[in-house]
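What follows is one structure encoded as structure tokens, with my remarks underneath.
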Amino acid sequence: MDQLSDIDQWRRYAHEQRARGRRVGLVPTMGALHEGHGSLVRAAHEHGDVVLATIFVNPRQFHNDRDLASYPRTPDADFAAAERFGVDCLIAPSLVAMWPNYPEPTATTVSVRGISDHLEGVGRPGHFDGVASVVAKLFAITGPCRAYFGEKDFQQLGVIRAMVRDLALDVEVVGCPIIRDPDGLALSSRNVQLTESGRARATALSRALALVAAQPARASEHRARLLESLHSSSLEPIYAEVVDPLTLVPSSDTNSGVARALLACTVDGVRLIDNGPVQLVAQGE
Ligand code: PAF
């Protein structure tokens with residue numbers, strides 16, 4: 001596995017791969033690698049890409065210093081995991097390389113309005129500006145590529161797709177299915193912050209999603225069932241929403257077809273999100 005930290009070398013590496021006729025597959029991460037990241041690397045290999053994975057804990061997407069400080073950082077384990085997953089080149093740029101003036105704000109921020117403003121955007125103001133800005137920079141350095149993101153961060157995926165479309169970036173965004181532990185908990189770098197009992201309580205999110213996935217209903221009925229299911233597990237949701245899977249606009253009872261249920265809860269002080277498909281039956285159908 002090649003290893004880089006310098007931005008110019010990374011740009012050249014990607015360029016040379018394309019010059020040899022290979023397609024570059026980019027897997028952006030913030031480290032603390034787990035099997036969810038492994039599935040993104042596998043998807044890139046299945047497309048025949050040479051896989052570049054980045055590790056950068058982007059401070060601009062954390063809305064408080066405590067959350068940034070407590071974010072897991074496991075560089076040695078990440079190196080071993082990246083090798084095991086079959087990453088071809090692991091890139092870990094420094095903070096000063098990515099944001100030379102940090103903590104001063106950059107003159108340029110990428111802001112994807114509308115889709116960024118609700119759900120995760122409410123409790124974490126500026127979060128998606130931070131995500132869009134860093135991902136735009138990763139894309140700018142890498143150049144034309146396919147980029148792989150997990151559906152677990154469903155809103156993030158929507159924000160990135162909208163950014164790529166609006167800025168006509170030469171990037172094909174590939175969304176990959178959520179990877180779950182056998183008990184249903186969606187894999188996340190933040191799961192290591194849960195206590196044993198918190199981890200058990202956190203499985204209520206996937207149970208609530210499985211419940212609504214099993215039975216077509218109106219959007220308002222799905223919302224009510226999600227809330228009831230979380231409350232019965234003594235979890236207080238930050239939100240439990242049913243949205244259009246492309247625009248993430250909340251579905252109404254006149255909508256039919258496939259929608260997406262999105263949940264966020266705090267367990268042990270850890271913010272957990274999860275989502276899954278639901279079938280909508282329009283009122284009167
Ligand atoms: O999903 C993540 O790990 C991060 O939000 C990303 C896309 C790597 C940007 O920092």
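The values are calculated or read from the model by the stated rules, or taken from the named source; none is laboratory data. The structure presented is a predicted model; accordingly, all values stated were derived computationally and were not measured. Here the Cβ is made from the backbone with ideal geometry for all residues, glycine too, and neighbour counts use every protein chain on show.
Screening T108 with (1) away from the ligand (no atom under 16 Å from the Cβ); (2) farther than 26 Å from R271 by Cα; (3) in contact (Cβ under 8 Å) with a residue 40 or more places away in the chain; (4) in contact with a helix residue (DSSP H, G or I) (Cβ under 9 Å, 6 or more places away or on another chain) gives one miss only, at (3). Going through (1) on the phi < 0 side of the Ramachandran plot; (2) out of contact with any Leu (no Cβ under 9 Å at 6 or more places or on another chain); (3) at pLDDT 95 or above one by one, G86 falls short only on (1). Quick one: is V173 modelled with pLDDT under 95 and closer than 28 Å to V27 by Cβ? Answer is no for this residue.
With respect to the stated conditions, E241 is assigned to a strand (DSSP E or B), of a type outside the set (V, I, T) and under 14 Å from V278 (Cβ atoms). Cβ-Cβ distance below 9 Å, separation of 6 or more or different chains: which pairs start in segment 134-159 with a residue that is more than 8 Å from the ligand (Cβ to nearest atom) and end on one that is of a type in the set (S, T, N, Q) and assigned to a helix (DSSP H, G or I)? These pairs meet every condition: Y148/S39.
Scanning segment 79-92 finds no residues that are more than 22 Å from C145 (Cα to Cα), within 22 Å of the chain's Cα centre (by Cα) and β-branched (V, I, T). Residues in segment 90-104: is at least one buried (at least 19 other Cβ atoms within 10 Å of the Cβ), closer than 22 Å to R271 by Cβ and within 13 Å of the ligand (Cβ to nearest atom)? No, that holds for no residue.
In segment 64-80, the count of residues that are surrounded by 15 or more Cβ atoms within 10 Å (Cβ to Cβ), within 14 Å of the ligand (Cβ to nearest atom) and of a type in the set (A, V, I, L, M) is zero. Segment 87-191 holds helices (runs of 4 or more DSSP H) entirely within its bounds, and those carrying 1 or more residues that are more than 20 Å from L262 (Cβ to Cβ) and aromatic (F, W, Y) map to 127-142.
Of all residues in segment 247-268, those satisfying the criterion of being part of a loop (DSSP other than H, G, I, E, B) and either free of Cβ contacts under 8 Å to residues at least 24 places away in the same chain or in contact with a Gly (Cβ under 7 Å, 6 or more places away or on another chain) (or both) are L248, V249, D268. Taking the numbered list (1) in a loop (DSSP other than H, G, I, E, B); (2) out of contact with any helix residue (DSSP H, G or I) (no Cβ under 6 Å at 6 or more places or on another chain); (3) at pLDDT 95 or above in turn, I273 passes all entries but (1). Candidates are the residues of segment 35-48 that are surrounded by fewer than 23 Cβ atoms within 10 Å (Cβ to Cβ) and under 20 Å from R18 (Cα atoms); the one that is nearest to the ligand (Cβ to nearest atom) is A43.
Sort out which residues of segment 190-238 are at pLDDT below 95 and under 20 Å from the mean Cα position of the chain (by Cα), and write them in order of number. Result: R190, V192, Q193.
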